[in-house]
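The values are calculated or read from the model by the stated rules, or taken from the named source; none is laboratory data. Owing to the predicted nature of the structure, the values given are computational and were not obtained by experimental measurement. Using ideal geometry, Cβ is built from the backbone for each residue, glycine included, and neighbour counts are taken over all protein chains shown. Side chains included, ligands, DNA and RNA excluded: accessible areas come from the protein's heavy atoms. Shrake-Rupley method; radii C 1.70, N 1.55, O 1.52, S 1.80 Å.
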Amino acid sequence: MKNLILKQVNAIGTELGFPFYVYPDGTCGKSMVSGGLNAVMVVKKKFPVEELKSDFLTGSQGSDENVLAHLTEIGNQLGFPLYVYADGMCGLTPSSEINKFPFTMMVKKPFVVNQMVVEPNDVAACSDSSAVKKITSYPYSNWTLPTPQVFTPTDEEVKILEKAREKVRREEVLSRDEERVYLCFATDTEFENFVLNRILFCSNEKYILLRGTQDLVKKYVLKHCWDDVVVDLMAERCSDDVILAYFSKWLVHVKVIEKLLDLGRFELIEKIQKVTTLDARRSGSDRHVAAIIKAGHSELLKTQIRKHGFRYEDDVEALIKTGNVEMIKYYLDYHSLSESAQKELIELGNAQLAKIYQERYSFCSDSLKLAKWCGLI
């Protein structure tokens with residue numbers, strides 16, 4: 001039976017355009033560097049043949065969809081960098097020693113992942129559905145952007161508002177209650193000028209989110225971070241654009257991710273992962289990966305694993321403790337484990353995972369002894 005590996009490579013190239021590059025995490029793109037990752041494979045142009053030809057292609061790496069696994073298999077036997085010529089043959093020189101064909105594809109080093117991944121934003125759809133592992137679409141979210149809230153003042157608040165206006169004109173500091181009333185009932189122009197030119201009481205910041213337009217909110221968050229008291233309100237009332245701007249600039253409380261998960265704004269979370277890793281800074285308040293593990297959203301975890309990994313070791317151990325074999329295997333496609341995480345993997349008692357880890361990375365000496373004692377290897 002013929003393998004159709006080059007057909008699959010051609011399908012991706014047809015959608016992305018040639019030449020295209022493949023990075024260590026299996027993602028494809030048009031630049032030699034993406035997200036700080038240097039390309040490890042380049043496909044210069046379309047192959048006139050569909051079949052990859054090599055004496056070292058045994059098929060032991062699984063299905064024909066596992067393009068990168070097969071190339072790694074050949075390279076491990078033949079050597080790197082590995083060149084593939086227009087006729088589908090493989091070699092170690094830029095031009096074929098048999099017929100002098102120049103290389104069409106070059107692989108610099110082994111991959112630890114099996115498949116090429118095309119992000120939804122990189123290509124609308126692949127013409128050959130078997131050619132690429134697609135990111136699963138998320139369930140439809142009922143969340144819609146709320147309209148600014150309108151407040152109606154009491155007679156007492158009308159009096160406070162006039163007093164507050166006079167103090168604002170004199171550039172005096174307002175009391176907490178005067179500021180609240182002003183933010184609720186001032187005109188739109190007064191409201192915007194006040195928000196952009198004053199330092200607010202933390203308890204009153206919520207009125208920016210309740211009343212402000214998205215343009216105003218974005219201007220504010222580019223200058224100020226939210227207090228923890230109102231930060232989860234951002235997830236309910238801010239557009240994707242505003243939340244992405246906030247994540248790119250400030251340390252974000254885990255309440256935001258928890259609320260976004262509750263609201264079903266999964267696509268926004270994946271957009272955030274493209275702006276920044278979800279655990280970029282060491283703080284007890286930004287344990288976003290832990291929240292996603294707890295929520296059990298596999299595609300969000302895969303994006304984090306593929307693009308950033310886990311900064312906190314206990315998040316890795318928490319992932320292993322879930323017993324989710326598919327997700328653990330996915331993590332091992334990209335990352336090795338610390339000694340403590342290796343022991344967690346062994347305690348899981350899954351011989352398949354233990355074998356994968358030993359073959360791919362090798363257990364440390366103590367973990368290897370434990371794995372053998374447990375009969376996993």
Please state which one of 123, 150, 113 is assigned to a loop (DSSP other than H, G, I, E, B), buried (at least 16 other Cβ atoms within 10 Å of the Cβ), of a type in the set (A, V, I, L, M) and at pLDDT 75 or above.
-> 113
Going through the range 233-258 in order, the residues found to be modelled with pLDDT under 90 and of a type in the set (Lys, Arg) are 249, 255
Some residue of the range 318-335 being free of Cβ contacts under 8 Å to residues at least 24 places away in the same chain, farther than 30 Å from residue 22 by Cα and of a type in the set (S, T, N, Q) = no
Residues in the range 3-24: is at least one of a type in the set (D, E, K, R) and either open to solvent by less than 70 Å² (accessible area, probe 1.4 Å) or touching a strand residue (DSSP E or B) at 6+ places or on another chain (Cβ under 8 Å) (or both)?
-> no
Residue among 223, 219, 163 that alone is more than 20 Å from residue 148 (Cα to Cα), assigned to a helix (DSSP H, G or I) and open to solvent by 30 Å² or more (accessible area, probe 1.4 Å) = 163
Taking residue 45, is it charged (D, E, K, R), at pLDDT 70 or above and farther than 21 Å from residue 17 by Cβ?
-> no
Could you tell me whether the range 260-267 includes any residue that is over 30 Å from residue 301 (Cβ atoms) and modelled with pLDDT of 90 or more?
-> no
How do the pairs read when you match residues in the range 296-311 that are over 13 Å from residue 266 (Cα atoms) with residues anywhere that are part of a loop (DSSP other than H, G, I, E, B) and aromatic (Phe, Trp, Tyr), using Cβ under 6 Å and keeping only pairs 6 or more apart or on different chains?
-> 305/334
